[in-house]
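Quick notes on the structure that follows.
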Amino acid sequence: MRNSIILVTGGTGSFGHKFIRMTLDKYNPKKVIVFSRDEMKQWEMAKLCQGDDRVRFFIGDVRDRDRLYRALDGVDYVVHAAATKIVPTAEYNPFECIKTNVNGAMNVIDAAIDKGVKGVVALSTDKASSPINLYGATKLTSDKLFVAANAYSGEHGTKFSVVRYGNVMGSRGSVIPFFESIKSKGILPITDERMTRFMITLEQGVELVWQAFEDMVGGEIYVKKIPSMSVVDLATALAPECKLEIVGIRPGEKLHEQMIGEEDAYYTYEYPEHYKILPAINNWSTSPERIKDGVKVAQGFTYRSDNNAEWMTKNELITWVDSNRDHIGKI
């Protein structure tokens, strides 16, 4: 990505902030375009990037195909991070969620192919694996669209791949800043004492996107190996003085996060630091250039936060929180 032009949809979110800072430092691209629809977030972000003429801002919505065509003129790489992602919001506003997560994905694909973009990496979610809520269903649909898009790019040669991970540690709206904000009340609400979650940092999320750009042939879904933690351990680590109140699972919520379901195991390969789900279509799952040095996982394999081999300890979480306190929940 050195000396290239990169566009990030939904670029004012938690991921966008971190991706743009890290990518500017590592790759020194010619230009990074922040494409999003919230002018206030862009204005705030522009103040943080003041003096760096490599960062440009473009007001637009992935629902607007014409605006995407204009924004992608001359762009080499796209990171698609725009999404409607709050589970209850999607349940109560299903048509709006579909317009952004499904129709928006189709618009990004069409515009990227027609404008000759070299590569697109789309951000997915654990909720796209065996989805039980509308948000997860729309992201599974989006994943399928980006995988299949490789068969449509033709002579343009645009490559499309997906990275999948769960809630990012400390990001706005996630559980760590939520618990931090209410622990002074002395009670933390726990949906279910059996609940577990994957723990990934923004930095790891950015590095997975970089890896996808470097490795992809087209159609791969990349899943990083990351530790798990029980929600009870997370709560008692953050606020050992608080009482825990069991409030019950919310609509559309799972006990455990799942990145790779049993149905995907037949097409999944393991690598030292990640898994790769290969496309089931067009015999791409047997493609040596996609498999590379991967080892096929066992039949019936699943990658869930409760059957994970790696677990984060309370002390590791506390150390991370202390080191990142100034940034938790800010973006």
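Kindly indicate whether any position in segment 310-325 is at pLDDT below 95, of a type in the set (Gly, Ala, Ser) and either surrounded by 11 or more Cβ atoms within 10 Å (Cβ to Cβ) or over 30 Å from Met45 (Cβ atoms) (or both). No, every residue in segment 310-325 fails to be at pLDDT below 95, of a type in the set (Gly, Ala, Ser) and either surrounded by 11 or more Cβ atoms within 10 Å (Cβ to Cβ) or over 30 Å from Met45 (Cβ atoms) (or both). Taking the criterion of being in a loop (DSSP other than H, G, I, E, B), under 20 Å from Lys118 (Cα atoms), touching a residue at least 60 places away in the same chain (Cβ under 8 Å) and not hydrophobic (A, V, I, L, M, F, W, C), the residues of segment 1-27 that qualify are Ser4, Gly10, Gly11.
Only one of the numbered conditions (1) surrounded by 18 or more Cβ atoms within 10 Å (Cβ to Cβ); (2) closer than 18 Å to Trp210 by Cβ; (3) among the hydrophobic types (A, V, I, L, M, F, W, C); (4) at pLDDT 95 or above is violated by Leu24, and that is (1).
Per-residue answers, yes or no, for (1) more than 26 Å from Val147 (Cβ to Cβ); (2) exposed (fewer than 15 other Cβ atoms within 10 Å of the Cβ); (3) in contact with a Leu (Cβ under 9 Å, 6 or more places away or on another chain):
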| site | (1), (2), (3) |
| --- | --- |
| Leu208 | no, no, no |
| Glu253 | yes, no, no |
| Glu257 | no, no, no |
| Tyr266 | no, no, no |
| Pro272 | no, yes, no |
| Leu278 | no, no, no |
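Name the residue, out of Thr236, Thr201, that is polar (S, T, N, Q), under 18 Å from Asp126 (Cβ atoms) and in contact (Cβ under 8 Å) with a residue 24 or more places away in the chain. After applying the criteria, what remains is Thr201. Within segment 86-102, the set of residues being under 15 Å from Arg63 (Cβ atoms) and among the aromatic types (Phe, Trp, Tyr) comprises just one member, Phe95.
Note on segment 291-327: among residues that are part of a strand (DSSP E or B) and touching a residue at least 40 places away in the same chain (Cβ under 8 Å), the one that is nearest to Leu234 (Cα to Cα) is Trp311.
Scanning segment 7-44 for residues that are of a type in the set (Val, Ile, Thr) and touching a helix residue (DSSP H, G or I) at 6+ places or on another chain (Cβ under 7 Å) gives Val8, Thr9, Thr12, Val32, Ile33, Val34. Counting only residues that are in a helix (DSSP H, G or I) and either closer than 8 Å to Thr12 by Cα or small (Gly, Ala, Ser) (or both), segment 28-45 holds 3 of them.
Taken together, Val247, Val295 contain a single residue that is surrounded by fewer than 17 Cβ atoms within 10 Å (Cβ to Cβ), within 26 Å of Glu91 (Cα to Cα) and among the aliphatic types (A, V, I, L, M), which is Val247. Is there a residue in segment 245-258 that is more than 24 Å from the chain's Cα centre (by Cα) and in a strand (DSSP E or B)? Yes, segment 245-258 has at least one match.
The sole residue among Arg63, Arg70 that is free of Cβ contacts under 8 Å to residues at least 60 places away in the same chain, surrounded by 14 or more Cβ atoms within 10 Å (Cβ to Cβ) and of a type outside the set (Ser, Thr, Tyr) is Arg63.
Listed by position, the helices (runs of 4 or more DSSP H) contained in segment 151-240 that have at least 2 residues being under 16 Å from the mean Cα position of the chain (by Cα) are 202-215. Please tell me if Val206 is modelled with pLDDT of 95 or more, touching a Lys or Arg at 6+ places or on another chain (Cβ under 6 Å) and more than 15 Å from Lys276 (Cα to Cα). So Val206 fits the description; yes. Filtering Val75, Val102, Val87 for residues that are in contact with a strand residue (DSSP E or B) (Cβ under 7 Å, 6 or more places away or on another chain) and among the β-branched types (Val, Ile, Thr) leaves a single hit, Val75. What number goes with the only condition from (1) over 21 Å from Val79 (Cα atoms); (2) hydroxyl-bearing (Ser, Thr, Tyr); (3) surrounded by 19 or more Cβ atoms within 10 Å (Cβ to Cβ) that Ser184 does not pass? That leaves (3) as the condition not met. Being within 30 Å of Thr319 (Cβ to Cβ) and without any contact (Cβ under 8 Å) to a residue 24 or more places away in the chain is not true of Pro288. Considering only residues that are closer than 18 Å to Phe213 by Cβ and of a type outside the set (Val, Ile, Thr), which ones fall in segment 243-283? Answer for segment 243-283, where residues must be closer than 18 Å to Phe213 by Cβ and of a type outside the set (Val, Ile, Thr): Tyr271, Glu273, His274, Tyr275, Lys276, Leu278, Pro279.
In segment 207-231, the residues that are at positive phi form Cβ pairs under 8 Å with partners that are among the β-branched types (Val, Ile, Thr) and surrounded by 21 or more Cβ atoms within 10 Å (Cβ to Cβ), at six or more places apart or across chains, as follows: Gly219/Val147.
The values are calculated or read from the model by the stated rules, or taken from the named source; none is laboratory data. Remember, predicted model here, so these are calculated numbers, not experimental data. Cβ atoms come from the backbone with ideal geometry, glycine included; neighbour counts cover every protein chain shown.
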